[in-house]
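Taking it in order: structure first as structure tokens, then the write-up.
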Amino acid sequence: MTSSKPTSSPGEQAPWKRRAAAAEINGRRVNEAIERGTGGPAPVFVCECGNLGCSETVALTISAYEEVRSGFERFLVVPGHEIEEIEDVVERHGSYLVVAKRNDEAAQMAYATDDRDDG
């Protein structure tokens, strides 16, 4: 699935939603560094949830993480860490979920900080 840039103009979003989105983006940055630096078969990635201080981890293959990252709006979270107000669960796996930001300020933030080239 190739995602396009969110088109809605960001409204006034609650500060906690911006903090949650920022925490998820920081988790993604950590995981991108893990992905670049790993040589093992199943590196351990951090939960990319919006819960400040979360230290949960998930062992995934690089190809499984690449599937999570197939769109700028998609994030890796452990079950129970999804935030219904700003994201939808789009995939369920044994030890992790894939959530997608909705087309609002959180999605705009995810798009603006995504370093991957969509083609």
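The values are calculated or read from the model by the stated rules, or taken from the named source; none is laboratory data. Note that this is a predicted model, so its numbers are computed, not measured. Cβ atoms come from the backbone with ideal geometry, glycine included; neighbour counts cover every protein chain shown.
Those residues that are more than 10 Å from LEU76 (Cβ to Cβ) and of a type in the set (A, V, I, L, M, F, W, C), I need them from segment 38-62; list them, please. Across segment 38-62, the qualifying residues are ALA42, VAL44, LEU52, CYS54, ALA59, ILE62.
Looking at segment 1-19, can you tell me whether even one residue there is touching a strand residue (DSSP E or B) at 6+ places or on another chain (Cβ under 8 Å) and modelled with pLDDT of 55 or more? Scanning segment 1-19, I find no residue that is touching a strand residue (DSSP E or B) at 6+ places or on another chain (Cβ under 8 Å) and modelled with pLDDT of 55 or more, so the answer is no. Contact map, segment 12-24: first residue surrounded by 15 or more Cβ atoms within 10 Å (Cβ to Cβ), second residue modelled with pLDDT of 80 or more and not in a helix (DSSP H, G or I), Cβ cut-off under 6 Å, separation 6 or more or different chains; pairs are LYS17/ILE86; ALA20/GLY50; ALA20/ILE83; ALA23/GLY50; ALA23/LEU52; GLU24/GLU48; GLU24/GLY50; GLU24/PHE75.
Residue check: TYR111 meets all listed conditions (1) hydroxyl-bearing (Ser, Thr, Tyr); (2) in a helix (DSSP H, G or I); (3) modelled with pLDDT of 90 or more but one, namely (3). Residues in segment 45-71 that are exposed (fewer than 15 other Cβ atoms within 10 Å of the Cβ), aliphatic (A, V, I, L, M) and within 15 Å of GLY94 (Cβ to Cβ): ALA59 only. Give me the residue from segment 93-104 that is more than 13 Å from the chain's Cα centre (by Cα) and modelled with pLDDT of 65 or more and, out of that set, surrounded by the fewest Cβ atoms within 10 Å (Cβ to Cβ). Only one residue fits best here, namely GLY94.
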